[in-house]
Structure formats: structure tokens, C-alpha cells
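Peer 1: Let me give you the structure first, and then I'll get to my questions.
Values in this text are rule-based calculations from the coordinates and carry no lab data. Computed from a predicted structure; not experimentally measured. Because the Cβ atoms are built from the backbone with ideal geometry, glycine has one as well, and the counts that use them run over all protein chains shown.
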């Protein structure tokens, strides 16, 4: 009797590439991440052939462009060593255009060596209990969510070259053993104010991903690249005074910083150097008046709309 495959047996390995689109197999000992809410999908273009003829039936369709997309969430944590996040997490951030400089991840605008744009692409393996989905040349976006008293998460979305699905044995990866820090004592500064009280902040890098269609390439797609960033976020601070409304109307810009964790080697600092309010409305949290605030994270000196520092 056939045995069902189990969704719990899902594994994600991510490895930075040297040349975009040239696959490098993730190492089971270093490159795998704990993941949840995994959505892997081959995107197959169906070319309909519904021509006029003697019959009302359609003809068999043809297959056009092919690529793969992936969504998943993983914990925000360090490794216990200063400036050294997990290798798979480093590869994921760099594929979103946040380039690592000794634990400080910053966006860049110049092309990276061997790449089609300002990100270091990744090869991604996704095992679904013995079915291997592979993606090469993967480029994407990341959104961070920090909520009071909870684990922080990074939510990734990637697009990459399609590689045929295969049946293979599940890997036996080594996962990082450091426990994730919980979001409290986070020393939030919001648009220059260090006394705000909020329950949740979302930080979205906001990459624009371009698909490079190409008649010379396999599957009709040369690859993917980042062509812009519209970094943004949201937060729900308690209403204390009219300052937020004043800043919204005046277009005031200020520094926003939030720190996740307090232990050396397992602390992550998010800095948005030039934050502006883009929209405000009122909310209610158990009878306490709050703001539903949307934020824009802009450049200050350049390539600094969002930085992520593991320390």
C-alpha cells in the first residue's frame, strides 16, 4: 500500500552562488534553516491553442516560460558568536540585496561580481518528504515582524530558475542550536522618539524584482534582478500626544531603531535611518487609543534605508 508523504518533513537549504544561475548544493551541515509556512511552486506558463477549426474542442496546450517561487518564514536569531548569523540565513539575506559586512547587512546599489544585479543570488533546495524542488539564481525580498513577547520572524519570497522536481532521500541537516531571542526590552526609537509604546512593528525591504525574459535562455528566462527598493513598514504605538500627526503633515524624517535580544551573539539591531510617516489612523487596543501608522524607510546617506546588525 502506498505511504503518504508528510508535510512536517520539509527542509530548506540555501547557499550563496558564485555565478548567478550556476547551482551550488547547500551543505546539510551548515546551510539549512528551520522554516514554517513553506510554499514552493513551479510557475508554468500555459500557452493555449484554441484555434478556429472543425471542432469546438481545444487543442493540447504547449508549455512556455518556467520558473519557481518560494515563500517561507524562519526565526530571527544569532549563533551565539558576534557578527556571525547562520550561513543559510546569511545567504537568504544576501539574495535579497542585504550584503554582509562582518555581521552588518546593508542594501547595495552596485552590481555584485558574477551577478545580474545588486544581490548575491542563491541556490535553494526545498525537500517535501523525499521530493526535491531546486531553484538556481534565486533573488527575493524579506519582511521582518517583531511582536511584543514573541519570537521575531523573517518572511522571505524568492523567484529563481526552474529545475525539474526529483525524488530523493530527505537530508539530515544540522540546525543551529541557539534559542531565538524574545521581543522584549527592545529599546524602540520611532521617528526620533525613544518613549513610544508599541506592540508590533513590521519592516519590509520592498524590493522590486524584475524577470529578464530571454529567447536564448533555457525556459525563456535569463534570471531575476533587483531594480528598485520601496522600503516600508507599519507600527501600532499608543497615542500620547499630537506629535505623530505633526510629523506626518510636515514630512518630518527621523531615526527608527529596534533591538531584538540582549545577549551578545544573539542580538539583532534594525536601523531605519530616515523614517517618515506616510499614513495615520486611530486604533483601539483593549480600550487604549493607538495609531495604525504606516512608515517609509528612506535613504539617509545612501544604501541605508534598512540595516540589520547581528552583534
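Peer 1: Distances longer than 29 Å among the Cα atoms of the chain: what percent of all pairs is that?
Peer 2: Details: 20686 of 48205 pairs.
Distances greater than 29 Å cover 43 percent of the Cα pairs.
Peer 1: Springs between alpha-carbon atoms under 10 Å, Gaussian network over the chain: tell me which of 299, 20, 116 tops the mean-square fluctuations.
Peer 2: In the Gaussian network model the winner is 299.
Peer 1: Treat segment 207-252 as a sphere of radius equal to its Kirkwood radius over Cα pairs and apply Stokes-Einstein at 25 °C in a medium of 0.890 mPa s; give the translational diffusion coefficient in µm²/s, rounded to a whole number.
Peer 2: Values: Rh = 14.6 Å.
D = 168 µm²/s.
Peer 1: A further question on this structure: Kirkwood-based Rg over Rh for segment 142-216 (C-alpha set), two decimals?
Peer 2: 1.14
Peer 1: Sticking with this structure for a sec: Can you give the Rg/Rh ratio of segment 177-237, where Rg is from the C-alpha atoms and Rh is the Kirkwood radius?
Peer 2: Working: Rg = 19.4 Å, Rh = 15.5 Å.
Dividing the radius of gyration by the Kirkwood radius yields 1.26.
Peer 1: For a quick protection proxy, order the peptides 121-132, 145-156 by their average other-Cβ count within 10 Å, most packed first.
Peer 2: 121-132, 145-156
Peer 1: Going by C-beta contacts inside 10 Å, put 83, 279, 204 in order with the fewest on the left.
Peer 2: Working: 83 15, 279 12, 204 20.
With the sparsest Cβ surroundings first, the list reads 279, 83, 204.
Peer 1: Right, next: Give the distance, in whole Å, between the Cα centre of segment 152-213 and the Cα centre of segment 44-101.
Peer 2: 16
Peer 1: Of the candidates 55, 175, 297, which one comes out as most mobile in a Gaussian network treatment of the chain with C-alpha springs shorter than 10 Å?
Peer 2: Among 55, 175, 297, the largest GNM mean-square fluctuation belongs to 55.
Peer 1: What area, in nm² and to one decimal, does the C-alpha convex hull of segment 135-273 cast on average over all directions?
Peer 2: Working: hull surface 49.0 nm².
Value for segment 135-273: 12.2 nm².
Peer 1: Now, a different point. Rounded to the nearest 500 deg cm²/dmol, what is the calculated helix-only ellipticity per residue at 222 nm for the chain, with -39500 (n - 2.57) per DSSP H run of length n ≥ 4? Numbers along the way, then the final one.
Peer 2: Values: 2 runs with 16 residues, N = 311.
Here the helix-only value at 222 nm equals -1500 deg cm²/dmol.
Peer 1: Taking a ≥ b ≥ c as the square roots of the Cα gyration tensor eigenvalues, with a/c under 1.5 meaning rounded and otherwise prolate when a/b beats b/c, else oblate, which class fits segment 61-130? Before the final figure, lay out each step's value.
Peer 2: Values: a/c = 3.12, a/b = 1.40, b/c = 2.23.
It comes out oblate by the Cα gyration axes.
Peer 1: Quick check for you: which residues of segment 209-246 have the amide N under 11 Å from the point 7 Å beyond the Cα of residue 195 toward its beta carbon?
Peer 2: From segment 209-246, the list is 240-241.
Peer 1: Fewest to most neighbouring Cβ within 10 Å: what's the order for 8, 77, 41, 15? Don't jump to the answer; show the numbers that get you there.
Peer 2: On the way: 8 6, 77 25, 41 11, 15 22.
Least to most surrounded, the residues fall as 8, 41, 15, 77.
Peer 1: Quickly rank 63-69, 191-197 as a protection proxy: mean count of other C-beta atoms within 10 Å, highest first. Intermediate results must be reported in sequence, preceding the final value.
Peer 2: Working: 63-69: 16.9, 191-197: 15.3.
Output ranking for 63-69, 191-197: 63-69, 191-197.
Peer 1: May I pose another question? When you count, for each residue, the other Cβ atoms within 10 Å and take the mean per peptide, how do 96-102, 44-50 rank with the highest first?
Peer 2: Working: 96-102: 19.3, 44-50: 10.7.
By packing density, highest mean first, the sequence is 96-102, 44-50.
Peer 1: Could you compute how fast segment 70-203 diffuses translationally, taking Rh as the Kirkwood radius over C-alpha pairs and applying Stokes-Einstein at 37 °C with viscosity 0.692 mPa s? Give it in µm² per second. Display every interim value, and only then the final one.
Peer 2: Working: Rh = 16.8 Å.
Result for D is 196 µm²/s.
Peer 1: Can you pull the three principal axis extents for the Cα set of segment 110-151, in Å, largest first?
Peer 2: Dimensions of segment 110-151 along the principal axes of its Cα atoms: 42, 36, 10 Å.
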